[in-house]
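S.K.: This is the structure I want to talk about, given as structure tokens.
The values are calculated or read from the model by the stated rules, or taken from the named source; none is laboratory data. Computed from a predicted structure; not experimentally measured. For neighbour counting, all protein chains shown are included, and Cβ atoms are generated from backbone atoms with ideal geometry for every residue, glycine included. To get the accessible areas, we keep the full protein, side chains included, count just its heavy atoms, and leave off ligands, DNA and RNA. Shrake-Rupley method; radii C 1.70, N 1.55, O 1.52, S 1.80 Å.
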Amino acid sequence: MKGSSITLFLMAIGLVIMLGCTAGRAAVISDSKATLETKQLLKQLHKSAHKGVILGQQDVLAYGIGWWNQPDRCDFKEVCGDYPGLFGWEIGGLELGHARNLDSVLFTDIIRYVKKAYALGAINTISWHLNNPVTKGDSWDTSGGNVVKTLLPDGTNHALYCQWLDRVAAFFGQFVDDHGRPIPFIFRPFHELTGDWFWWGSKYCGSTDYVKLWQFSIDYLRAKGVHHMLLAYSTAYCNDYEMFMARYPGNRYVDIIGFDLYQFKTAGVADYVRGVEHHTEYARRAAKEQGKIWAFCETGYESVPDEKWFTETLYPLISDKNCAYVQLWRNAYNRPNHFYGSYVGHSSASDLAKLASFDDVLTAAKLRR
Ligand code: BMA
């Protein structure tokens, strides 16, 4: 090769390397032993994130405003004419061997709902508000020092924690379809880690302990045969990107990177919008750099006091951002005003229906197409 050709050749290589870096890492599933359906779910999420955002809600088949566990009822469906594309479920209390979770939903019913959601072509995601093993209080009991450390190997509560994980693994093992195949799902443990309201929050344990707990838990579940699980890492408010990623458990332990942020009456809409925009930047950057997808794992405006909130505040934040999904929090049955979706008769109902009708907002029927 002549000198000029060599220079050109080297420049071309440089360009390829540069493009490779800016394009981010190739997407790889966290669990090398993931089932075929789990791999397909991740692919589906990557693909659909370019078409639109999957709209979900927590607990929508279990109860709603004015009803509890009634066959075929669902506030979201009654308002929007279709089921959500993503269903969230909560397993807090399972670790204690209870029959019902902390919101009184029977675990046997959750299994039924998971199967129903899957049959609808929708996606299931699981959160875990587990108790404080030191104080025996709930997730919001932040006393007891560095609780996380006590769960790690050599910690005083390690054996107890393994028993808790055994129960979780056995429960996840019951997510099977009519052909006996495991139903893939998204697990989002130790969420809102940058907040100070849960005992696993960054105020109460160092990042090394947090990451160790996450990795240990996932390795343990996988060793128990849980290979139908994608993992979501979801922070609360962060001051900057460094804080957002400080406790990232690593690419073999995460598939979806996101955050939980809510609008509050006191702070106002501008504050919420700014917060979501900043966290979207963090999540998109992290997803690109780590070869993952990003999601808005929990949001809402309690009791939806703004009747156009869904289309005028939320929609512009999630549209055209390659966001895999957005999940509204629950319509609580026995906590007046603690609802984040809408229901028939509420002033925001037509606006939620309008949001769900947009082509780039994916509900269950649109996911099946
Ligand atoms: C919280 C609230 C609680 C509930 C918990 C777990 O955000 O909705 O009332 O117990 O989630 O679902």
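S.K.: Might you check whether a residue that is away from the ligand (no atom under 13 Å from the Cβ), part of a strand (DSSP E or B), in contact with a Lys or Arg (Cβ under 7 Å, 6 or more places away or on another chain) and open to solvent by 30 Å² or more (accessible area, probe 1.4 Å) occurs anywhere in the stretch 83-106?
M.R.: Yes, the conditions are met somewhere in the stretch 83-106.
S.K.: Another one. Among the listed residues K115, K39, which satisfies the condition of being at pLDDT 95 or above, touching an Asp or Glu at 6+ places or on another chain (Cβ under 8 Å) and surrounded by fewer than 19 Cβ atoms within 10 Å (Cβ to Cβ)?
M.R.: Selected residue: K115, the only one of K115, K39 that is at pLDDT 95 or above, touching an Asp or Glu at 6+ places or on another chain (Cβ under 8 Å) and surrounded by fewer than 19 Cβ atoms within 10 Å (Cβ to Cβ).
S.K.: Looking for whichever is free of Cβ contacts under 8 Å to residues at least 60 places away in the same chain, charged (D, E, K, R) and closer than 19 Å to A236 by Cβ here; the options are E312, E281, E298, E307. Which one fits?
M.R.: Every option except E281 fails the conditions.
S.K.: Next question, about the same structure. Touching a residue at least 60 places away in the same chain (Cβ under 8 Å) and out of contact with any Gly (no Cβ under 9 Å at 6 or more places or on another chain), is that true of N337?
M.R.: no
S.K.: Against the conditions (1) touching a residue at least 40 places away in the same chain (Cβ under 8 Å); (2) open to solvent by 20 Å² or more (accessible area, probe 1.4 Å); (3) within 16 Å of the ligand (Cβ to nearest atom), where does A353 fall short? Just the number, please.
M.R.: (3)
S.K.: Going through the stretch 58-73 one residue at a time, which ones are more than 14 Å from the ligand (Cβ to nearest atom) and buried (at least 23 other Cβ atoms within 10 Å of the Cβ)?
M.R.: Correct list: L61 only.
S.K.: E78 is checked against (1) more than 18 Å from the chain's Cα centre (by Cα); (2) away from the ligand (no atom under 16 Å from the Cβ); (3) open to solvent by less than 60 Å² (accessible area, probe 1.4 Å); (4) farther than 17 Å from Q174 by Cβ and fails just one. What number does that condition carry?
M.R.: Single failed check for E78: (3).
S.K.: The conditions are (1) at negative phi; (2) touching a helix residue (DSSP H, G or I) at 6+ places or on another chain (Cβ under 9 Å); (3) within 16 Å of the ligand (Cβ to nearest atom); (4) not aromatic (F, W, Y), and E298 fails exactly one of them. Which is it?
M.R.: Against the list (1) at negative phi; (2) touching a helix residue (DSSP H, G or I) at 6+ places or on another chain (Cβ under 9 Å); (3) within 16 Å of the ligand (Cβ to nearest atom); (4) not aromatic (F, W, Y), E298 comes up short only on (2).
S.K.: Among the numbered criteria (1) within 13 Å of the ligand (Cβ to nearest atom); (2) part of a strand (DSSP E or B), which single criterion is violated by L55?
M.R.: Result: L55 fails condition (1) only.
S.K.: Just to be sure before I move on: is N132 touching a residue at least 24 places away in the same chain (Cβ under 8 Å), more than 17 Å from F171 (Cα to Cα), open to solvent by 30 Å² or more (accessible area, probe 1.4 Å) and more than 14 Å from the ligand (Cβ to nearest atom) in the structure I sent?
M.R.: no
S.K.: For the stretch 313-342, give me each residue that is away from the ligand (no atom under 16 Å from the Cβ) and among the hydroxyl-bearing types (S, T, Y).
M.R.: Hits for the stretch 313-342 are T313, Y315, S319, Y325, S342.
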